[in-house]
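First the structure, in the form of structure tokens, and then the observations on it.
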Amino acid sequence: MEENKNYFTELNKINCETSEKNKLTYISWSDAWTEVKKIHSDANYTIYENDEWFPFWESKFGIDCKVWVTINWIEHIVRLPVMDWANKSMKSNAYTYKTKYWEKTCEAATQFDINKTTQRAFAKAIAMHGIWLYVFRWEDLPEDMDLPNKEKPKYFNYEDLVQTVEAGNN
């Protein structure tokens, strides 16, 4: 690879398929890693472990996982909470919480929940390098915000994004 070539732009141009579950768009960690390794064979990652060699940390707020991905000597670390189907932080013990109308229970996290979160963190850390980063475009905004062009495409086209951004700036 040429030293002056922008690896982020290179990865950001890759068109890949996404999937949806519970109205959220997902990227496959295995597809993302395959595309990265085709171009950057020296890319690597680390799944962080606590002092007991478990791939998670727990605080009074819940359990979270952390993954580090290095591509082209640039490192991105992503730390994500282990969440249930209602996006509530899971802990090692079940707990109850109140909503406006009723009381609900968040079940205790399992190894499967922790593994899913680790893989989500891995996919997001890969995305921080450019590949499929658009999937996370609206995740930090309130769900009830009415924003233009909020729909996410099944396939991403870099040139379409550039044209959309340029059109919006005129």
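The values are calculated or read from the model by the stated rules, or taken from the named source; none is laboratory data. All values derive from a computational prediction rather than experimental measurement. Glycine gets a Cβ as well: all are built from the backbone with ideal geometry, and neighbour counts include every protein chain shown. The accessibility values were calculated without ligands, DNA or RNA, using every heavy atom of the protein model including side chains. Shrake-Rupley method; radii C 1.70, N 1.55, O 1.52, S 1.80 Å.
Scan region 1-110 for trypsin sites (Lys or Arg not before Pro) in coil per DSSP, keeping those whose Cβ has at most 15 other Cβ atoms within 10 Å, and list them by number.
Lys5, Lys13, Lys23, Lys60, Lys100
Run through region 1-93 and list the GluC sites (Glu not before Pro) located in a DSSP loop whose Cβ has at most 12 other Cβ atoms within 10 Å.
Glu2, Glu3, Glu17, Glu52
Compute the length gained on full extension between Phe8 and Lys37: take 0.36 nm times their separation in residues and subtract their Cα-Cα distance, giving the result in nm to one decimal.
Between Phe8 and Lys37, full extension yields an extra 9.1 nm.
With θ set to phi - 60°, apply the Karplus curve 6.51 cos²θ - 1.76 cosθ + 1.60 along region 67-75 and write out the HN-Hα couplings as whole Hz, x wherever there is a Gly or Pro.
Each residue of region 67-75 in turn: 10, 10, 10, 10, 9, 6, 6, 10, 10 Hz.
Carbon and sulfur atoms: what percent of the 1.4 Å accessible area of region 1-105 do they account for?
Ligands and nucleic acids excluded, carbon and sulfur give 50 percent.
Starting from the Cα of Glu103, step 7 Å along the direction of its Cβ; do the same at Ile74; then give the gap between the two resulting points in nm.
5.0
Could you list the chymotrypsin sites (Phe, Trp or Tyr not before Pro) in region 70-125 that lie in coil according to DSSP, counting only those with at most 13 other Cβ atoms within 10 Å of their Cβ?
Those that pass, being in a loop and sparsely packed, are Trp73, Trp85, Tyr101, Trp102.
Using 7 Å Cα-to-Cβ label points, what is the Glu52/Ser89 separation (nm, one decimal)?
Going by the 7 Å Cα→Cβ label model, 1.9 nm.
Based on Cα positions only, what radius of gyration and what Dmax would you give for region 49-128, in angstroms?
Cα-based Rg and Dmax for region 49-128 come out at 14.4, 51 Å.
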